[in-house]
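This report concerns only the one structure given below.
The values are calculated or read from the model by the stated rules, or taken from the named source; none is laboratory data. Predicted, not measured: the structure shown is a model, and the values here were computed from it. Cβ placement follows ideal geometry from the backbone for every residue including glycine, while neighbour counts extend to all protein chains displayed. Each accessible area value is taken on the protein alone, full model and side chains, heavy atoms only, with ligands, DNA and RNA left out. Shrake-Rupley method; radii C 1.70, N 1.55, O 1.52, S 1.80 Å.
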Amino acid sequence: MASKTLAASLLLGSFAGAAVANDPLMVNPCRDPSSAFAKMPFCNSALGIDERIEDMIKRLNVTDKINLMNQDGPKLPQMGLNGYRWWEEATHGISPPRNGQKTATETNFPFPITTGMSFNRTLWRKTGEHIAREARAFANVGDEYSTFWTPVVNLAREPRWGRNIETPGEDPYLSGEYAASFVNGFQEAPEDPGHIMASACCKHYVANEMESSDIAGFQADRRHFDATVPIQDLVDSYMVPFQACVEKGRVTSLMCSYNAVNGVPSCANDWLLTTVARENWGFDGAIVSDCDADSDVFNSHHYTATPEEAVRDVLRAGTDVDCGGFVSQYALSALQKGVITEADLDARLRYQFRLRMRLGHFDPPSPLDGLQPEDVVCTEYAKALSRDGAAQGATLLKNDGGLLPLNASALNAAWKNVTVISPLDNEASRKQLAGYYGGDRPCDMTFWSLAATVQEHVCEGNSFLGIENATARGVDSKGVAAAASAHRVILGIGTDLTLAREGYDSREITLQDGQVDLIKQIADAAKEPIVVIIFTAVPLDISDLLANPKVGAVLYAGQPSVAIVGLGDILFGKKAPAGRMIQTVYPKDYADEISIFDFNLRPGPSTWHRPDCKPVGKDYSHCPKGTNPGRTHRFYVGKPVVPFGFGLSYTSFKYEVVTAPAGPVSLAPVHLLLRNTANPQFISHAAREGLSELVHYAVNITNVGKVDSDDVVLGFLKPPGAGQNGVPLQVLFGFERVHVKAGETVTVWLYPAATDFTQVDRDGKRFVLSGDYGVHFGVRETAAQGMGFVESRFSTVDGEVDHIEFI
């Protein structure tokens with residue numbers, strides 16, 4: 001008889017562990033050497049993966065194959081398999097896990113809109129890694145599956161988009177670097193290089209940045225919307241993070257989006273899914289549909305005449321898993337009518353089973369099988385990592401007179417009162433945020449608030465909501481009275497999920513009227529300038545706030561969720577802020593100029609009505625068309641309220657370029673790279689890395705202040721003809737976060753990629769752009785406030801070549 005330990009291993013397979021109250025979600029049928037399953041070729045890890053996959057497929061009947069198209073796959077008793085659910089989430093923690101006896105809670109991390117501001121690849125990788133390790137530990141005791149639909153790498157190209165909270169910002173390069181780092185950490189475990197720890201999924205592919213809006217007489221939601229996107233913008237912006245996710249992140253899943261792109265629904269778009277993702281980028285994972293997106297091909301977009309034709313189109317385009325059941329519902333009739341063949345199903349199953357093979361679902365024991373919840377879930381390391389994410393992302397926008405950091409020791413010694421006022425501290429808002437694409441049972445079941453965060457550092461204090469919630473009116477007079485008597489006031493304002501979330505776009509880019517009134521009353525009542533912390537994923541016009549002399553400091557926090565406790569380390573000086581803005585903050589008139597439905601990134605006339613036009617009765621036909629002022633820091637031609645990359649510190653920095661191009665740079669290697677690439681629209685990252693030192697810069701970062709601090713060094717190119725004929729105003733080409741002690745110097749090396757010396761024309765063709773390039777490190781608007789900034793220039797020569805060698 002097998003020992004109890006071995007018996008548990010055989011029962012739970014690669015997800016073995018101590019007994020759980022419920023039956024395990026997954027079972028590895030290949031672990032029991034005495035079973036008939038273990039003798040089947042698909043269980044033989046010595047065979048090639050393709051041979052094992054074909055053995056699995058031949059054991060399926062047509063009904064099995066049809067049901068396996070669904071995100072909730074069926075049991076397969078002929079192979080000893082439980083049903084398998086493909087859909088799990090993990091944007092800032094695993095969700096929704098099955099909380100069992102050993103899995104009562106899970107670590108909740110800040111949202112990417114916060115951690116993106118850290119510009120720290122190491123933080124992103126460690127965050128992804130820890131979420132996946134918790135997921136694997138849950139799976140090992142039978143309480144979780146292995147495929148997680150995260151991260152979101154769509155661009156925060158539009159301030160009103162409801163899902164900005166889930167993204168790492170507006171910049172394509174930044175978003176791609178986040179994707180690669182997070183996915184590497186999430187999937188790859190050094191103790192088992194032959195398998196992935198858990199599967200990540202970059203979503204939503206592509207141009208999905210609109211939820212549901214009603215503007216100037218036109219109403220649409222993401223499931224019905226056809227995004228008209230210039231091929232120029234698709235190639236050099238919208239698709240960039242997904243290419244990085246595939247090539248650098250080695251992601252094992254992609255999700256096709258609800259919307260259509262230029263007339264073709266994403267999940268039926270063979271150019272997007274097969275030509276680009278699989279053939280150009282080399283993607284070999286599984287493509288999943290957003291939930292009911294396959295159904296939308298027929299029912300919402302009316303792309304096909306029959307549901308059977310929609311099944312054909314999504315299968316042949318390359319969608320491997322249908323979330324929603326549409327394919328399973330109509331696949332049999334599609335087979336019977338000859339619209340599809342069984343081979344169409346087999347092609348999709350090969351990618352499904354390949355991914356599960358890579359997860360080790362049918363393999364011998366792995367070192368990862370030993371991960372147990374008590375080893376990783378809500379450990380002190382996990383809580384510290386989450387807390388640090390909020391601190392690293394915190395971005396200082398104003399600090400008149402060095403108001404921050406607050407001196408907790410002095411406050412406590414003198415028993416001085418600190419009053420915290422924040423309508424976002426209401427319990428419903430905090431719990432909703434925690435459970436939004438993250439676990440709703442955070443460590444210690446503690447849903448940290450701003451008030452509790454401050455109270456961790458000071459002895460004397462009180463707290464008020466000020467107004468009932470983010471959208472309420474009517475300021476609480478008790479809060480105002482408390483502010484009037486307090487030594488120091490900290491005010492938390494912004495947005496929560498009632499104002500922007502999945503399925504719901506924000507209606508404006510200004511603070512709610514009730515919060516504007518709250519700021520005025522509190523600031524006027526306070527004896528000293530107040531500290532304001534902004535919680536939002538909607539970049540709000542805060543011009544009045546920044547100009548208000550009674551507001552002494554403004555800290556921008558994004559949406560840290562329960563990791564808000566990390567902000568206390570910034571407020572009270574245990575750490576210095578080094579976050580940088582990852583969204584351009586536009587003036588409020590921006591929302592009147594351009595419709596959210598306009599997906600053009602470059603400035604110019606819009607085909608959509610101005611959003612501020614009022615109807616005559618219900619008629620909008622008289623409304624003028626809007627003007628697109630350009631989107632994101634790369635194309636916006638107006639004056640931002642807060643520019644991309646802005647961020648202050650508790651210390652001061654000086655930048656000095658110490659290595660730069662000595663003379664004109666020949667772009668002949670870039671010409672050769674384009675000519676040697678079969679499809680130069682998408683130059684592979686591997687090919688770019690071979691030319692990574694075409695231009696290189698070394699910058700000395702000297703901390704000339706008195707506080708040890710991190711600094712984020714941003715490198716921007718200004719291409720020849722910037723702002724004309726579709727050429728970006730500036731391009732972020734590199735960044736590094738470094739720690740610099742007071743009085744010391746650190747050298748940072750940044751390299752533009754070969755593709756940074758190319759542009760994409762209106763037809764989507766990539767070409768080499770030679771001429772004079774400007775370079776700057778840092779953000780000009782911060783230089784007068786003690787932050788590092790330095791400029792440089794270099795020239796390039798075309799260096800056209802005739803040699804052609806296709807690769």
Checklist entry - Restricted to segment 594-624, and to residues that are of a type in the set (D, E, K, R) and under 19 Å from GLU508 (Cα atoms), which residue is surrounded by the fewest Cβ atoms within 10 Å (Cβ to Cβ)? => result LYS614
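Would you mind listing the helices (runs of 4 or more DSSP H) fully within segment 1-83 where at least 1 residues are modelled with pLDDT of 95 or more and within 18 Å of PRO365 (Cβ to Cβ)? Outline the logic, then answer.
Values: elements: 4-12, 49-58, 62-67.
Qualifying helices (runs of 4 or more DSSP H): 49-58.
Inspect all residues belonging to segment 641-650 and state whether any of them is of a type in the set (A, V, I, L, M), over 22 Å from GLY579 (Cα atoms) and open to solvent by 20 Å² or more (accessible area, probe 1.4 Å). Give the steps one after another, and end with the answer.
As a first pass, look at segment 641-650 and keep what is of a type in the set (A, V, I, L, M): 641-642, 648.
Applying the additional criterion that residues be over 22 Å from GLY579 (Cα atoms) yields none.
No, that holds for no residue.
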Item to check | Conditions (1) over 25 Å from PRO110 (Cα atoms); (2) buried (at least 20 other Cβ atoms within 10 Å of the Cβ): number failed by GLY492 | outcome: (1)
Checklist outcome for this item: Subset of segment 770-788, residues surrounded by fewer than 18 Cβ atoms within 10 Å (Cβ to Cβ) and over 13 Å from LEU717 (Cα atoms), comes to ARG780, GLU781, ALA783, ALA784, GLN785, GLY786
Checklist entry - Do we have PHE148 as among the aromatic types (Phe, Trp, Tyr) and either more than 21 Å from the chain's Cα centre (by Cα) or open to solvent by 10 Å² or more (accessible area, probe 1.4 Å) (or both) here? => result no
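Quick check on segment 426-449. Is at least one of its residues in a helix (DSSP H, G or I), under 23 Å from ASP544 (Cβ atoms) and open to solvent by less than 40 Å² (accessible area, probe 1.4 Å)?
Initially, segment 426-449 is screened for residues in a helix (DSSP H, G or I), giving 427-435, 443-445.
From what's left, under 23 Å from ASP544 (Cβ atoms): none.
Within segment 426-449, not a single residue is in a helix (DSSP H, G or I), under 23 Å from ASP544 (Cβ atoms) and open to solvent by less than 40 Å² (accessible area, probe 1.4 Å).
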Next on the checklist: Every residue in segment 206-221 that is open to solvent by 30 Å² or more (accessible area, probe 1.4 Å) and in contact with a His (Cβ under 9 Å, 6 or more places away or on another chain), please.
Outcome noted: GLY217, PHE218
Checklist entry - Any chance segment 550-563 includes a residue that's open to solvent by 10 Å² or more (accessible area, probe 1.4 Å), in contact with a Phe, Trp or Tyr (Cβ under 7 Å, 6 or more places away or on another chain), in contact (Cβ under 8 Å) with a residue 24 or more places away in the chain and not polar (S, T, N, Q)? => result yes
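For residues that are hydrophobic (A, V, I, L, M, F, W, C) and within 29 Å of the chain's Cα centre (by Cα), scanning just segment 662-686, find the one that is most open to solvent (accessible area, probe 1.4 Å).
Going through segment 662-686, the residues hydrophobic (A, V, I, L, M, F, W, C) turn out to be 662, 665, 667-668, 670, 672-674, 678, 682-683, 686.
With the extra rule that they be within 29 Å of the chain's Cα centre (by Cα), the set shrinks to 682-683, 686.
Details: PHE682: 10, ILE683: 1, ALA686: 78 Å².
My answer is ALA686.
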Item to check | Hits in segment 367-381 - residues which are in contact with a helix residue (DSSP H, G or I) (Cβ under 6 Å, 6 or more places away or on another chain) and either part of a helix (DSSP H, G or I) or among the hydroxyl-bearing types (Ser, Thr, Tyr) (or both) | outcome: LEU368, ASP369, PRO373, VAL376
Item to check | Selected residue (criterion: least open to solvent (accessible area, probe 1.4 Å)) from residues of segment 724-740 that are assigned to a loop (DSSP other than H, G, I, E, B) and closer than 15 Å to PRO643 by Cβ | outcome: PRO728
Next on the checklist: For the condition open to solvent by 20 Å² or more (accessible area, probe 1.4 Å) and closer than 23 Å to SER199 by Cβ, what is the one hit in ASN28, ASN70, ASN61?
Outcome noted: ASN70
Checklist entry - Do we find a residue being open to solvent by 30 Å² or more (accessible area, probe 1.4 Å), closer than 26 Å to GLY786 by Cα and of a type in the set (Val, Ile, Thr) anywhere in segment 687-703? => result yes
Checklist entry - With respect to the numbered conditions (1) touching an Asp or Glu at 6+ places or on another chain (Cβ under 9 Å); (2) open to solvent by less than 40 Å² (accessible area, probe 1.4 Å); (3) in contact (Cβ under 8 Å) with a residue 60 or more places away in the chain, which one is the sole condition not fulfilled by LEU76? => result (3)
Next on the checklist: Looking at the structure I just gave you, is THR341 in contact with an Asp or Glu (Cβ under 7 Å, 6 or more places away or on another chain) and among the β-branched types (Val, Ile, Thr)?
Outcome noted: no
Item to check | Counted residues, segment 330-361 - those being out of contact with any Ser or Thr (no Cβ under 7 Å at 6 or more places or on another chain), open to solvent by less than 20 Å² (accessible area, probe 1.4 Å) and not in a helix (DSSP H, G or I) | outcome: 1
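So if I check each of VAL246, VAL264, VAL288, VAL327, which one is among the hydrophobic types (A, V, I, L, M, F, W, C), modelled with pLDDT of 95 or more and surrounded by fewer than 24 Cβ atoms within 10 Å (Cβ to Cβ)?
Numbers: VAL246 fails: surrounded by fewer than 24 Cβ atoms within 10 Å (Cβ to Cβ); VAL288 fails: surrounded by fewer than 24 Cβ atoms within 10 Å (Cβ to Cβ); VAL327 fails: surrounded by fewer than 24 Cβ atoms within 10 Å (Cβ to Cβ).
Of the residues listed, the single one that is among the hydrophobic types (A, V, I, L, M, F, W, C), modelled with pLDDT of 95 or more and surrounded by fewer than 24 Cβ atoms within 10 Å (Cβ to Cβ) is VAL264.
Residue by residue, here is whether (1) outside any loop (DSSP other than H, G, I, E, B); (2) basic (Lys, Arg); (3) open to solvent by 40 Å² or more (accessible area, probe 1.4 Å) holds:
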| site | (1), (2), (3) |
| --- | --- |
| ALA391 | yes, no, no |
| GLY401 | yes, no, yes |
| PRO405 | no, no, yes |
| LEU411 | yes, no, no |
| THR419 | yes, no, no |
Checklist entry - Would you pick out the residues in segment 226-243 that are over 21 Å from ASP320 (Cα atoms) and open to solvent by less than 10 Å² (accessible area, probe 1.4 Å)? => result ALA227, VAL229, ASP233, LEU234, VAL235, SER237, TYR238, PRO241
Item to check | Pair list, Cβ under 8 Å, 6 or more apart: segment 361-388 residue over 17 Å from ALA139 (Cβ atoms), other residue open to solvent by 20 Å² or more (accessible area, probe 1.4 Å) | outcome: LEU385/LYS126
Checklist entry - Can you name the residue in segment 747-769 that is open to solvent by 40 Å² or more (accessible area, probe 1.4 Å) and in contact with a strand residue (DSSP E or B) (Cβ under 7 Å, 6 or more places away or on another chain) and, of all such residues, is modelled with the lowest pLDDT? => result TYR751
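Going by the conditions given, is THR275 more than 24 Å from PHE148 (Cα to Cα) and either in contact with a strand residue (DSSP E or B) (Cβ under 8 Å, 6 or more places away or on another chain) or of a type outside the set (A, V, I, L, M) (or both)? I'd like the intermediate steps shown before the answer.
Details: more than 24 Å from PHE148 (Cα to Cα): yes; either in contact with a strand residue (DSSP E or B) (Cβ under 8 Å, 6 or more places away or on another chain) or of a type outside the set (A, V, I, L, M) (or both): yes.
For THR275, the condition - more than 24 Å from PHE148 (Cα to Cα) and either in contact with a strand residue (DSSP E or B) (Cβ under 8 Å, 6 or more places away or on another chain) or of a type outside the set (A, V, I, L, M) (or both) - is met.
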Checklist entry - For the subset of segment 221-237 comprising residues that are in contact with a helix residue (DSSP H, G or I) (Cβ under 8 Å, 6 or more places away or on another chain) and not aliphatic (A, V, I, L, M), which member is nearest to ARG631 (Cα to Cα)? => result SER237
Next on the checklist: So, in segment 622-640, exactly how many residues are among the charged types (D, E, K, R), touching a Lys or Arg at 6+ places or on another chain (Cβ under 8 Å) and assigned to a loop (DSSP other than H, G, I, E, B)?
Outcome noted: 1
Checklist entry - Can you spot a residue in segment 276-298 that is under 19 Å from ALA687 (Cα atoms) and among the aliphatic types (A, V, I, L, M)? => result yes
